[in-house]
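Colleague: My questions all concern the structure below.
Read the figures in this text as sums done on the coordinates, not as results from a lab. This is a predicted model, so every value here is computed, not measured. Positions of Cβ are backbone-derived with ideal geometry, glycine not excepted, and every protein chain shown enters the neighbour counts.
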Amino acid sequence: MGIMAMARLPDDALVVYGGRNMPENFVKGSGVVIRSDGSMDGVSVNCAPDATLDELTMPIAATDHPGIRNGQIGVTSVGKIRAAGGDVVAEPSETNAKHATLIGLTPEKASELFRPTLANPAKRTKK
């Protein structure tokens, strides 16, 4: 399975990361690599042009993707990430067409952009 060539994400696209979003949460993410300059590669996020917050967090029944399972999420925009020196690259998977990778931010800057957190819409209907 190769990475598909994707169009550049628009600056106004929402970016969602699940969890408390403290710097250590980003560092501990699966596949995250810290570069020599302290910035990160490989931070898994959800992002897609024109997608709503609900669309970026909810399960995808057709592919059995669980959605974002964390009780809280952080939300920012592609433009804010770029303004801080990072980027978001669309990397859809077989089960999650909205999967993307955040690159080029330090854990501290990522935490700043994805906080404060809010309740995950995918969890609101669950008791």
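Colleague: Would you mind computing Rg(Cα) / (2.2 N^0.38 Å) for the chain, counting N as its residues? Spell out each step's value before the answer.
Modeller: Values: Rg = 13.7 Å, N = 127, 2.2 N^0.38 = 13.9 Å.
Expressed relative to 2.2 N^0.38 Å, the Cα Rg reads 0.99.
Colleague: Taking K109 as the anchor, which aspartates and glutamates have their alpha carbon closer than 18 Å to its alpha carbon, excluding any fewer than eight residues away along the same chain?
Modeller: Answer for K109, where 18 Å is the Cα cut-off: D11, E24, D37, D41, D87, listed by chain and number.
Colleague: First measure r as the distance between the Cβ atoms of L118 and A83, then evaluate 1/(1 + (r/R0)^6) with R0 = 25 Å and state the FRET efficiency to the nearest 0.05. Mind showing how you got there, number by number?
Modeller: Details: r = 21 Å, r/R0 = 0.85.
Computed FRET efficiency for L118 and A83 comes out at 0.70.
Colleague: Give me the distance in nm between label points sitting 7 Å out from Cα along the Cα-to-Cβ direction at A97 and A7, one decimal.
Modeller: For A97 paired with A7, the spin-label model returns 1.4 nm.
Colleague: Sorted from fewest to most neighbouring beta carbons within 10 Å, what does the list L56, L14, L118 look like?
Modeller: Values: L56 23, L14 20, L118 11.
Lowest count first: L118, L14, L56.
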